[in-house]
Each structure stands twice: as C-alpha cells, then as structure tokens.
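The values are calculated or read from the model by the stated rules, or taken from the named source; none is laboratory data. The shown structure was predicted, so the numbers you read here are calculated from the model rather than taken from an experiment. Ideal geometry is used to build each Cβ from the backbone, glycine not excepted, and the neighbour counts take in all protein chains shown.
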Amino acid sequence: MSISIGLAGKPNSGKSTFFKAATLAEVDIANHPFTTIDANHGVAYVRTLCACQGLGKLCGQCKDGARYVPVNIIDVAGLVPDAHKGRGLGNAFLDNLRQASAIIHVIDASGGTDIEGNPVGIGQHDPLEDIEFLEYEITMWMFSILKRNWDRLSRKIQAEGLKIEHVISDQLQGAGVSVVHARRGLQKTHLISENPAIWTDDQMIALSDAIRLESKPLIIAANKMDIAPPEYLERLLSADRIVVPTSAAAELALRMAQKSGVIDYRPGDKEFKITGELSEQQKGGLDKIKMLLDENGGTGIQECINTTVLKLLDQIVLYPVEDESKYTDKNGKMLPDAYLMKKGSTPHDLAYMVHTDIGEGFLYAVNARTKMRLGEKHDVEDGDVIKIVSTK
C-alpha cells in the first residue's frame, strides 16, 4: 500500500471517530483536546465496482460486486494555532503529516467547538475559519523549513549552477516534497526564472503555499452534518474546496452494529438491513441513522475516502492476473489482487508494482477482456485486467 491518507484537524472535530469508523481500530475517543497524542495508523478501503461484474461469476474477492482496496490512514495529533512554531503537539503533528499523500481535513461543521477544539454551543464558531487555519499552518511549516539556511543555499545555487527545484526538494524532503512538486510550485508562482537570492519572505510563503497544494492535496470532511446548522453546511459546500458532509459517529455506530451481527451493512451502502435482536434503545438509534442515510445517501465516510483517492489523487484500480482467459493467478484464484495506480500508468508501471524483477524483465502485457497485446507505453484504464509477460 503506497498511498497514505492523513486525517488532520483541531481537537474534538471527530477525527478519531472518523478514523475508528473507517478502520475499526481501537483508539481513544474523548470530549477534550489532545486525546490523540501519538499518531494512530490503520487501514481504510477504497470501494469500487469489482472487475468480475459482467462476467456472470463472482470472483470471491469482493462483496456482492463491491471491491475494497486497502490504503493507509494516519490519525495525527490535534492541531492548534501556531503549530508550525511548535505550539501544542505541533511538531509531532506536522512530522506525521509528511508521510501523507493527501489530507482529509475533518472539521466540526456544527460550529460547536472553538478554534482550539474546546466545546462551545452549536453554531458558536465559524467552521470556515478552521479550513484556512490548517492550510496556513502547513504552509508556514514548509516556509520555516525552506527559509532555514536559504541565504547560503541561494548563493550556492548561483555559484554552482544548481537547479532550484532540486535544492528546494532536498530542503523540503522531510515534508514529503518531490522535485516535481517543487517545479510545479515554482512555475505557478513564476519564481522559476527569478534570482532566489532576492526572494522576499512573501514570495517564499507564496511558493510554500503552492508547493503545499501540489504535495499535500486536501479534502474537507464537514463532520457532524447531522447536527450542523443547514446554513453552515451550505456555506461550506459553496467554499472553493472539495467538501464532503460526513457523520463519523453514525458510520461508527453502523460498523459496530454490523460487527456484532445485528445489521447487514457495508461501508458505502445507502441502507442497512436488521438481522438480529435489538433493544429499544438500539432500535431508536438505528431509526435516527436510517433517516440520516435517507436524507444524505450515506454517512459520507466512504465517499470521502473514495473522493480523496480516486479524484484528488487521480488513482485507478488495476487487476494483474496470470491466466487472461480465466482471470486467475497460477493457483486458480480469480482476480486475486487489486492495485491502485495513478491515471496514465502503463502496463510496465504495473509490472514494477507487482514486483521489481517482473518490471525489469517486462516484455509485453495482454488485456484480459479484449485479448489485445499491450506495449510498455500503453495507457491502462480503470478496471483493466492485465496479464504481464516477463522474462522473470
């Protein structure tokens, strides 16, 4: 699993509840700041339509046609203002974020917690402030790293003819910034042709912000949608961001009920079926959740994960097999593996993903559906079933 999603946000936003609902991992959930101190690591899943659909036979690796592909998810410590200066658990928070390919920013859409995560009355805080606050902290974190030793580095760039993007990526390597991220940030800010020795702090902050957008794409989980004032949700949805309304508490309740065998439910479903005995309290709770699902088409948790991976990170799902006529591996297991890869990937890229040796010995590939032979530079498409022919 090469994809890691960071769960970020201020304390008390429902971040740890989101994490537990997505992973069923055991984590502390409490109504006070800094319940999460050390980062929690778990596995969440992208839900997609399995490639076995339309073949007249289920592969056995999916659940009624729904394929769940694993991704890493990191629930990091709650964020407070001036985290980039080390306030609160800022250093630990930002250090954990470097591993993330993308960030789900969980905010309290109900406005029931202040900027530091302390409980206040519902509607007493503007959740739009929380969006800008996290982006600012990450940008300033990158700026503080970039600014460090910049006078010396800028002179070295000129004296030795170094490429600016390589120097920047080396400086920001600990923040998960690549040469490509740095180059795109320079192009967006038009600084790629400017003399780095005379960059102002404002220019470097703008560059850091552009690099943040490239290296840490972000989606908003407008959490607690079930108790959020409608006007707050409307304002969030009209913001210039990707926003998904969520109820982590409802999803966690459904997942726990499913685990205990009283309902039939899978992440991403728009409904559930009662299969066991319920107490009056349980029935009342599930009735409320059913209303939430009917009104919103789900709890939003699976949609948020899917949107992050498939839209924000532009990933597709591919299925490598050894027998293209039966869609199986060498042991007769049908569609045994599903890989997430960047859109625009090739069969050769998939070969390397399966195993380095297979990639090095790559000859060609075969599309199992069309039986067409594919060269190493062919662009594969979402849901393709691919047989790789290799000398290894």
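Hey, does the stretch 343-366 have a residue that's assigned to a strand (DSSP E or B) and either under 18 Å from residue 50 (Cα atoms) or among the basic types (Lys, Arg) (or both)?
Scanning the stretch 343-366 turns up no residue that is assigned to a strand (DSSP E or B) and either under 18 Å from residue 50 (Cα atoms) or among the basic types (Lys, Arg) (or both).
So residue 220 fits all but one of (1) part of a helix (DSSP H, G or I); (2) of a type outside the set (Lys, Arg); (3) buried (at least 23 other Cβ atoms within 10 Å of the Cβ); what number is the exception?
Exception for residue 220: condition (1).
Report, by residue number, each residue of the stretch 373-386 that is closer than 18 Å to residue 55 by Cα and either hydrophobic (A, V, I, L, M, F, W, C) or not assigned by TED's automatic domain parsing to the domain that holds residue 334 (or both).
385, 386
Mind telling me which of the residues 46, 80, 27, 106 ends up being of a type in the set (Val, Ile, Thr), surrounded by 18 or more Cβ atoms within 10 Å (Cβ to Cβ) and modelled with pLDDT under 65?
None of the others qualify; the one that does is 80.
Would you tally the residues in the stretch 367-392 being in contact (Cβ under 8 Å) with a residue 60 or more places away in the chain and part of a strand (DSSP E or B)?
4
Please verify whether the stretch 208-218 includes one or more residues that are under 23 Å from the mean Cα position of the chain (by Cα) and more than 30 Å from residue 108 (Cβ to Cβ).
Taking every residue of the stretch 208-218 in turn, none turns out to be under 23 Å from the mean Cα position of the chain (by Cα) and more than 30 Å from residue 108 (Cβ to Cβ).
Can you find, within the stretch 272-310, the residue that is farthest from the chain's Cα centre (by Cα) among those that are hydroxyl-bearing (Ser, Thr, Tyr) and not in a helix (DSSP H, G or I)?
It comes out as 279.
Which of the residues spanning the stretch 253-268 are of a type outside the set (Asp, Glu), under 17 Å from residue 288 (Cα atoms) and outside any helix (DSSP H, G or I)?
262, 263, 265 - these are the residues of the stretch 253-268 that are of a type outside the set (Asp, Glu), under 17 Å from residue 288 (Cα atoms) and outside any helix (DSSP H, G or I).
All but one of (1) more than 19 Å from residue 4 (Cα to Cα); (2) of a type outside the set (Asp, Glu); (3) touching a helix residue (DSSP H, G or I) at 6+ places or on another chain (Cβ under 7 Å) hold for residue 305; state the number of the condition that does not hold.
Exception for residue 305: condition (1).
Filter the stretch 293-316 for residues that are of a type outside the set (D, E, K, R) and touching a Lys or Arg at 6+ places or on another chain (Cβ under 7 Å); which is farthest from residue 339 (Cα to Cα)?
Per the criteria, the residue is 293.
Go through 168, 164, 145 for me and flag whichever is surrounded by 15 or more Cβ atoms within 10 Å (Cβ to Cβ), at pLDDT below 90 and of a type in the set (A, V, I, L, M).
145
Is it the case, given these coordinates, that residue 206 is buried (at least 19 other Cβ atoms within 10 Å of the Cβ), touching a helix residue (DSSP H, G or I) at 6+ places or on another chain (Cβ under 7 Å) and small (Gly, Ala, Ser)?
When the stated conditions are applied, residue 206 passes them.
Given (1) at pLDDT below 80; (2) of a type in the set (Phe, Trp, Tyr); (3) within 19 Å of the chain's Cα centre (by Cα), identify the lone condition not met by residue 68.
That leaves (1) as the condition not met.
Within the stretch 179-193, is even one residue under 24 Å from residue 305 (Cβ atoms) and without any contact (Cβ under 8 Å) to a residue 40 or more places away in the chain?
yes
Conditions first: (1) assigned to a helix (DSSP H, G or I); (2) over 19 Å from the mean Cα position of the chain (by Cα); (3) among the hydrophobic types (A, V, I, L, M, F, W, C). Residue 227 passes all but one, so which condition is the exception?
(1)
Only one residue in 356, 299, 346 is crowded, with 18+ Cβ neighbours inside 10 Å, of a type in the set (Val, Ile, Thr), within 30 Å of residue 103 (Cβ to Cβ) and free of Cβ contacts under 8 Å to residues at least 40 places away in the same chain, so which one is that?
Only one candidate passes the filter, namely 346.
Exactly one of (1) at pLDDT 95 or above; (2) in contact with a Gly (Cβ under 7 Å, 6 or more places away or on another chain); (3) under 13 Å from residue 185 (Cβ atoms) is unmet by residue 244. Its number?
The number of the failed condition is (3).
For the stretch 343-369, how many residues meet the condition of being β-branched (Val, Ile, Thr) and farther than 14 Å from residue 319 by Cβ?
The number of residues fulfilling the criteria is 3.
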